[in-house]
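Here's the structure we're looking at; comments come further down.
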Amino acid sequence: MSDNGTWTGRFPGLEGLEPALRRELEAAGRIVKLARGTRIFGPGQMPQNYVILLEGDIRVSQVSESGREIVLYRVLPGDSCALTTACLLGEQSYAADAVAETDSVAVLIPRAAFDELMARSQAFRRFVLAAFSHHLTDLFRLVDEIAFQRMDVRIAHKILELAGTADEVPITHQQLAAELGTAREVVSRQLNELQRRGWIAAGRGSLRILDRAALERAAGQ
C-alpha cells in the first residue's frame, strides 16, 4: 500500500485526483480477494463495477460457437479491464469471459460511483481512458497477428513471451492454442517441428526452451 495506507497510492494515474474526489473513490471502492479460477464475468452479463487489479493476473478470453478459445488480453497489477470500461460506457453486456489465473486482489468501484467520477474528474477520466487505449492497441496487434503472421512465427514469439527470462513454460498444447486463437492440432504440429529442430522439449503440461537464440530468430526478434 501507499504511505497513507490507501489503495489509490498504487496507481500513478490517480495522483492527480483532488483530495475530496480521491476520498470519494476510496470510500466507494471495495477490495475483494479472488481465488485462482474465479470467473469474474461472462457473456451476456451486465457490468456492475469498474475493476482495478491490485495483485494477480486476470485472463480475458472469448469462445467461438465451435468451442475454440482465444485469449484477448490479460489484466495485470495496476491495470483495469478494458472490456468492462467499454461495456460501462456503452451500457452493453459482456461478450467474453474473465477468469482469475492466479489468486488475485481487485478493487470494485460500483457503476454509480464510476459514472459520477467520469463526469466530474478529468484525472479519473484520463486514468480510465489511458488503460482502455492500451488494451485496444493490444487487440489491434492481436488481429494483425492472426490475419497476417505465420503460425510458426507466432508460436515462437508466444513461447518466448510466456517464458520471460525462464526456460520452462508451464502450458499445455490446448492452452497455447487458446493463447494463439487456433486449433490444438495446429499447435501440436508446430511444436513437434520445433522439437525436431532441437529448439524446445515438450513435456507433460510444459515446454522447455533448449535454443533461445533460434527461437528469437524465428520470432523475428
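The values are calculated or read from the model by the stated rules, or taken from the named source; none is laboratory data. Only a predicted model underlies this, so the values are computations on that prediction, with no experimental measurement involved. Cβ placement follows ideal geometry from the backbone for every residue including glycine, while neighbour counts extend to all protein chains displayed.
Could you give every pair whose Cβ atoms fall below 7 Å, whose first residue belongs to the range 190-208 and is more than 15 Å from Ala177 (Cα to Cα), and whose second residue is of a type in the set (A, V, I, L, M, F, W, C) and assigned to a strand (DSSP E or B), counting only separations of at least 6 or pairs across chains? As it stands, the answer is Leu194/Ile200; Gln195/Ala201; Gln195/Ala202; Ile200/Leu207; Ile200/Ile209; Arg208/Ile200; Arg208/Ala201, since those pairs meet every condition given. Determine if the range 85-106 includes at least one residue that is aliphatic (A, V, I, L, M) and under 19 Å from Arg23 (Cα atoms). The answer is yes, given that some residue of the range 85-106 is aliphatic (A, V, I, L, M) and under 19 Å from Arg23 (Cα atoms). Of the set (1) surrounded by 17 or more Cβ atoms within 10 Å (Cβ to Cβ); (2) farther than 30 Å from Thr182 by Cα, all apply to Pro47 but (2).
Show me the helices (runs of 4 or more DSSP H) found entirely inside the range 103-217 where at least 1 residues are more than 30 Å from Glu26 (Cβ to Cβ), modelled with pLDDT of 90 or more and of a type in the set (Val, Ile, Thr). Correct list: 151-163, 184-196. The sole residue among Ile31, Ile70 that is assigned to a strand (DSSP E or B) and over 19 Å from the mean Cα position of the chain (by Cα) is Ile31.
The set of residues from the range 1-28 being in contact with a helix residue (DSSP H, G or I) (Cβ under 9 Å, 6 or more places away or on another chain) and part of a loop (DSSP other than H, G, I, E, B) comprises Met1, Ser2, Asp3, Thr6, Phe11, Glu15, Gly16, Leu17, Glu18. Any residue at all in the range 98-117 that is under 28 Å from Gln174 (Cβ atoms), assigned by TED's automatic domain parsing to the domain that holds Pro19 and without any contact (Cβ under 8 Å) to a residue 60 or more places away in the chain? There is at least one residue in the range 98-117 that is under 28 Å from Gln174 (Cβ atoms), assigned by TED's automatic domain parsing to the domain that holds Pro19 and without any contact (Cβ under 8 Å) to a residue 60 or more places away in the chain.
Pull up the range 146-165, narrow it to residues that are free of Cβ contacts under 8 Å to residues at least 12 places away in the same chain and under 20 Å from the mean Cα position of the chain (by Cα), then point me to the one that is surrounded by the most Cβ atoms within 10 Å (Cβ to Cβ). It comes out as Glu161.
Quick check, is Val169 assigned by TED's automatic domain parsing to the domain that holds Cys87, under 25 Å from Gln62 (Cα atoms), among the β-branched types (Val, Ile, Thr) and within 24 Å of the chain's Cα centre (by Cα)? Please lay out each step first, then the result.
Numbers: assigned by TED's automatic domain parsing to the domain that holds Cys87: no; under 25 Å from Gln62 (Cα atoms): yes; among the β-branched types (Val, Ile, Thr): yes; within 24 Å of the chain's Cα centre (by Cα): yes.
So Val169 fails the test.
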